[in-house]
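Before any comments, here is the structure.
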Amino acid sequence: MSEPAVILEGVSKGFAGLSRPALTALSGRIQAGMISGVVGPDGAGKTTLLRLMAGLLKPDAGGVRVFGRDPAEEAGPLRMQVGYMPQKFALYEDLTVLENLALHADLRAVTGADRERAFARLLEFTDLNRFTRRMAGKLSGGMKQKLGLACSLLGRPRLLLLDEPGVGVDPISRRELWAMVQQLAREGIAVVWSTAYLEEAESCDEVLLLNEGRLLFDGKPGAFTARLGARSLHLRGLAGCRRRALRRVLKFPEVSDGVIQGRSVRVILREGAKAPDPAGVDDADGSPYWVPVEPRFEDAFIDLLGGGPGGGSRLAERMRARAPTGDTLIEAESLTKRFGDFAATDRVSFSVKQGEIFGLLGPNGAGKSTTFKMMCGLLTPTAGRARVMGLDLQRSAGRARQRLGYMAQKFSLYGNLSVRGNLEFFSGIYGLHGARQRAAIASMLEAFHLEPFLEVRTDSLSPGFKQRLALACAVMHEPDILFLDEPTSGVDPVTRREFWSHINGVVERGVTVMVTTHFMDEAEYCDRIGLVYRGRLVAMAPPDELKAAAATDARPDPTMEDAFIELIRRHDSP
Amino acid sequence: MSSAFSLRRLGALCLKESRQILRDPSSGVIAFALPLVLLVIFGYGISLDAKGVRLGVLDEDGGAEAASFTSRLSGSTAFEVVPAASRAELDALLQEGGVRGYVVVPQDFTRRVYSGCGEPARVQLVTDGAEPNTANFLNAYVSGAWLGWSEARARELGRVAPAYPEVLARHWFNPAAESRHYLIPGSIVIIMTVIGALLTSLVVAREWERGTMEALLASPVSRAEILLSKLLPYYALGMASMGLIVASAVFVMGVPFRGSLWVLFVVTTFFLLSVMGLGLLISSKLRDQFESAEIALNVAFLPAMILSGAFFEISAMPEALRALTYLLPPRYFVDALRTLFLAGDVWRVLLPNIAFLAGTSALFLTLVARATPRRLDG
């Protein structure tokens, strides 16, 4: 094998004010001519690692060599050979596509005939020829990412560092980007693609798997999942409640992790364990049975971390049960929101019954949050109607809100208050006082394991604990309806499972949940999903039906993402 | 290979910055609309001139000379004279705000005017100290009226009048005593501070927020290129705005400009570089638009407004604040501009101001050059 493009030797990097280093003693290699995935949940150290390779950071200890040079000390000669695409698009939104390209071309000394050729090649490659005069800010997420890629490719770098290029991009554009990057790798470029989506790791040639700043695995993704052998199983044939089934399954000592996948429950067995007898798991008269399935990268990751968090929810145990009524509690009627000439939500209709989990699934920027905010009465619709518990949110939002719990997408607690301060404030504004307030706070502290952090400033909590606290603040007043906007973004897979245990638990208590997510696999927990794409509700059905509807001869058992892409394709060309 | 400095890269960055300035309506508003609005407000809206201020007058003397002096007061447009019969009445009026001050012409006034040497004639002025600006102006105007009258009487009576140079100096450079002439140089300072500190700190912080700075740092650009690409376009914008203000002040509002343009150019250059340096320093530390604006407002805009002497007289400030103003570039810019507008190229005044501004621009630019990262961790 030829000389690696990047050699990492015991690299450590910490930042002031953070309790644990961003990276600890990391060693690895990036080879030319292939896509190397830097994979791990948010906060794993991916961005730090890419910045170290780009020479934007200097390691505290250990060495980084890029093409034999130290990127922090010998930045000059390396900058021309390394293309770097930071997160968040990093484009000048008030410059046109062509002006953005021209700027980067000038910065990288691509001039004259070279430049004409490079522009022609890159615009063709990224399919941006039609949009050269459009402001970068007016491009879709996918096109922005392609433009960012084109900018970082000017000057023909030999190492391409892409920091989470899949974020904020719809699944179709993500696949297109992937195909482009694959072609670049074939041309001999060393490509580094960082991602928090563990399923993206499966397509990489090589993977550096990070967790909390440490390297968990380095090698081919297939080798990582192969460790599981035949320990990934589906429990099928369930007739009753799959949420209760999951909770029972997770109580088996043989099972290390379990998630809901449509009508099935997916489990990982502990090493050396035999599949337990599934009789008694179903609470209806189904006949559940085990089916071995292909292990996923995420399965192996969770297994390596020692398994999932178990299926109980102390939160749900403390909630009062609501009698099932079968009423429709949430209703959207051709809901539309326009910002100028742009329809963020376009004639969206759906209804949600009591005790149901309804999910809006779609890439960032598809219009999920806008729809969501109209449902909670935070945004006024341009047209159409949003009703919650029969109340029109435009007229009686106040009355409705008392019975709603809302968890915003962005962290929306008071960062400079302590955990206790936030709990007291949010219980107070929902009208809890005295003994009831104290009891509610005590039960939240216990349910979310927040007691050790009672007096800690909320700012300094880890992302996982911040999300837990945000959920606690949203449910303290025992709402009948929970609105959760991207509750698990920025949270590691283990904490995500814990979240879903809580959500599953409160739904069993008769609470109705509406949730948005851009994690395709998370949608499987929902009873029904609405696929949102460019402001429109493209499809709405239970997850298994969506997948079945998208099945083709070539792909008889599609993943949620496959289904999404297929359904959008059909929507675009009916 | 990339060299340490490339004109092509600098040109590309400046072009990008200029395009952003042209497309961002807020820079146009700050550089061209705001100055015009401020000029109109300060030129026509706000006036520190005392006109029709209610002034109580108590004539205890009752003689011809006293009547001659009080008629001078009532003849001025500055006052609306309220005659009174006793001090008690005047005190009551002053307390309830019926008058802003009062003048007492004492019993022996006429006698003293005629007696000539020995005991000069006196009048007493009592002002409402709760409104120091009005009190100051009352003081100035009554003193002026008094001086004018006593000089005239002295000439008529063939005597030498007592001199009050301090009072004379107040009217010297602003013979029309129009506060507009005095306020417009001050408002220029405010506008240049906003363009220099606020705008530059915002645009750099925006690059950090959007991640474009990270993309720039990962490209072959050098520190000097990044810095210059921020300084040059906004310097040009500031100068264009300056040209507009000076032209409209002189040609539209009739404010005199007695200095030379090249001195104005030099002074403005040093001031702009100082505040731009400050703005860049703020945003290289904070990297957040909201925080940058907040800090720029507090360390640049508010001091320029309050402590520069643009609107509030430094001599009227408490000792500690007065000492603080010596540290602020706007103070020197105000001083230099007033001199240039109202007096001319008075080098004795201009040189120290220019020297100080040159010093602060060098200081801030050095600090910025050091603080501008070439990596994300310094």
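The values are calculated or read from the model by the stated rules, or taken from the named source; none is laboratory data. Remember, it's a predicted structure, so these values are computed and weren't measured experimentally. Counting neighbours? That spans all protein chains shown, and the Cβs are built from the backbone with ideal geometry, glycine included.
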Worksheet item: Checking B:Gly186 against (1) assigned by TED's automatic domain parsing to the domain that holds B:Ala240; (2) at pLDDT below 75, which single condition isn't satisfied?
Response: (2)
Worksheet entry | Residue ID - farthest from A:Leu305 (Cα to Cα), chosen from residues in the stretch A:1-40 that are part of a loop (DSSP other than H, G, I, E, B) and of a type in the set (A, V, I, L, M, F, W, C) | A:Met1
Worksheet entry | Subset of the stretch A:417-432 that is within 16 Å of A:Ser443 (Cβ to Cβ) and of a type in the set (A, V, I, L, M) - its residue that is surrounded by the fewest Cβ atoms within 10 Å (Cβ to Cβ) | A:Leu432
Worksheet item: Does the stretch B:289-309 hold any residues that are surrounded by 15 or more Cβ atoms within 10 Å (Cβ to Cβ) and over 24 Å from B:Tyr332 (Cα atoms), and which are they?
Response: B:Gln289, B:Glu291, B:Ser292
Discussion item. Filter the stretch A:240-294 down to the residues that are over 29 Å from the mean Cα position of the chain (by Cα), surrounded by 14 or more Cβ atoms within 10 Å (Cβ to Cβ) and hydrophobic (A, V, I, L, M, F, W, C) and list them by number.
Written reply: A:Ala273, A:Ala275, A:Val281
Worksheet item: Out of the residues in the stretch B:333-378 that are of a type in the set (Val, Ile, Thr) and out of contact with any Ser or Thr (no Cβ under 7 Å at 6 or more places or on another chain), which is farthest from the other protein chains (Cβ to nearest Cβ)?
Response: B:Thr339
Discussion item. Please pick out the residue among B:Leu261, B:Leu244, B:Leu286, B:Leu281 that is more than 14 Å from chain A (Cβ to nearest Cβ), closer than 30 Å to A:Leu50 by Cβ and either of a type in the set (Phe, Trp, Tyr) or surrounded by fewer than 20 Cβ atoms within 10 Å (Cβ to Cβ) (or both).
Written reply: B:Leu286
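For every residue, the table says whether it meets (1) modelled with pLDDT under 90; (2) assigned to a helix (DSSP H, G or I); (3) basic (Lys, Arg).
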position	(1), (2), (3)
A:Phe125	yes, yes, no
A:Arg130	yes, yes, yes
A:Met143	yes, yes, no
A:Leu147	no, yes, no
A:Ala150	no, yes, no
A:Leu161	no, no, no
A:Gly166	yes, no, no
A:Arg175	yes, yes, yes
A:Leu184	no, yes, no
Practice prompt. Mind telling me which of the residues A:Tyr414, A:Tyr406 ends up being at pLDDT 85 or above and under 30 Å from A:Thr328 (Cβ atoms)?
Written response: A:Tyr406
Worksheet item: Could we say that A:Leu50 is part of a helix (DSSP H, G or I) and within 20 Å of B:Ser219 (Cα to Cα) here?
Response: yes
Item to complete: Among the residues of the stretch B:19-37, write down those that are without any contact (Cβ under 8 Å) to a residue 40 or more places away in the chain and at the interface with another protein chain (Cβ under 10 Å from one of its Cβ atoms).
Response: B:Arg19, B:Leu22, B:Arg23, B:Asp24
Worksheet entry | Which listed residue, of A:Ala61, A:Ala150, A:Ala105, is in contact (Cβ under 8 Å) with a residue 40 or more places away in the chain and facing chain B (nearest Cβ under 9 Å) | A:Ala105
Worksheet, complete the sentence: Conditions (1) more than 9 Å from chain A (Cβ to nearest Cβ); (2) modelled with pLDDT of 90 or more; (3) touching a Phe, Trp or Tyr at 6+ places or on another chain (Cβ under 7 Å) -> B:Lys16 fails only (1)
Discussion item. I need the full set of residues from the stretch A:540-574 which are over 20 Å from A:Asp527 (Cβ atoms) and in contact with a Leu (Cβ under 9 Å, 6 or more places away or on another chain), in order please.
Written reply: A:Ile568, A:His571
Item to complete: Within the stretch B:217-227, track down each residue that is under 21 Å from B:Leu273 (Cα atoms) and either among the β-branched types (Val, Ile, Thr) or within 14 Å of chain A (Cβ to nearest Cβ) (or both).
Response: B:Ser222, B:Arg223, B:Ala224, B:Glu225, B:Ile226
Worksheet entry | Single residue of A:Ala72, A:Ala113, A:Ala16 found to be at the interface with chain B (Cβ under 7 Å from one of its Cβ atoms) and either of a type in the set (Val, Ile, Thr) or free of Cβ contacts under 8 Å to residues at least 24 places away in the same chain (or both) | A:Ala72
Discussion item. So, in the stretch B:11-29, exactly how many residues are surrounded by fewer than 17 Cβ atoms within 10 Å (Cβ to Cβ) and either touching a Ser or Thr at 6+ places or on another chain (Cβ under 6 Å) or not in a helix (DSSP H, G or I) (or both)?
Written reply: 1
Fill in: Some residue of the stretch A:459-467 being assigned to a helix (DSSP H, G or I) and crowded, with 22+ Cβ neighbours inside 10 Å
yes
Worksheet item: Can you spot a residue in the stretch B:310-321 that is crowded, with 19+ Cβ neighbours inside 10 Å, under 29 Å from B:Val203 (Cα atoms) and at pLDDT below 85?
Response: yes
Discussion item. Could you go through the stretch A:107-115 and let me know if any residue there is acidic (Asp, Glu), surrounded by 21 or more Cβ atoms within 10 Å (Cβ to Cβ) and not in a loop (DSSP other than H, G, I, E, B).
Written reply: no
Worksheet item: Does A:Leu123 satisfy the condition of being more than 9 Å from chain B (Cβ to nearest Cβ), touching a residue at least 24 places away in the same chain (Cβ under 8 Å) and not small (Gly, Ala, Ser)?
Response: yes
Practice prompt. Kindly indicate whether A:Asp94 is at pLDDT 90 or above, at the interface with chain B (Cβ under 7 Å from one of its Cβ atoms) and surrounded by fewer than 20 Cβ atoms within 10 Å (Cβ to Cβ).
Written response: yes
Discussion item. Of the conditions (1) surrounded by 16 or more Cβ atoms within 10 Å (Cβ to Cβ); (2) touching a strand residue (DSSP E or B) at 6+ places or on another chain (Cβ under 8 Å); (3) facing another protein chain (nearest Cβ under 10 Å); (4) not β-branched (Val, Ile, Thr), A:Lys88 satisfies every one except a single condition; which number is it?
Written reply: (2)
Worksheet item: If you check A:Leu23 against the conditions, is it among the aliphatic types (A, V, I, L, M) and surrounded by 24 or more Cβ atoms within 10 Å (Cβ to Cβ)?
Response: yes
Worksheet entry | Scope the stretch A:97-122; condition over 19 Å from B:Ala215 (Cβ atoms) and in contact with a Ser or Thr (Cβ under 9 Å, 6 or more places away or on another chain); matching residues | none
Worksheet item: Which residue pairs have Cβ atoms closer than 7 Å, lie 6 or more positions apart in sequence or on different chains, and pair a first residue in the stretch B:191-216 that is at the interface with chain A (Cβ under 10 Å from one of its Cβ atoms) and buried (at least 22 other Cβ atoms within 10 Å of the Cβ) with a second residue that is of a type outside the set (A, V, I, L, M, F, W, C) and part of a helix (DSSP H, G or I)?
Response: B:Met213/B:Glu207
Practice prompt. Please work out which residue is surrounded by the most Cβ atoms within 10 Å (Cβ to Cβ), limiting yourself to the stretch A:321-350 and to residues that are more than 19 Å from A:Gly390 (Cα to Cα) and out of contact with any Gly (no Cβ under 9 Å at 6 or more places or on another chain).
Written response: A:Arg338
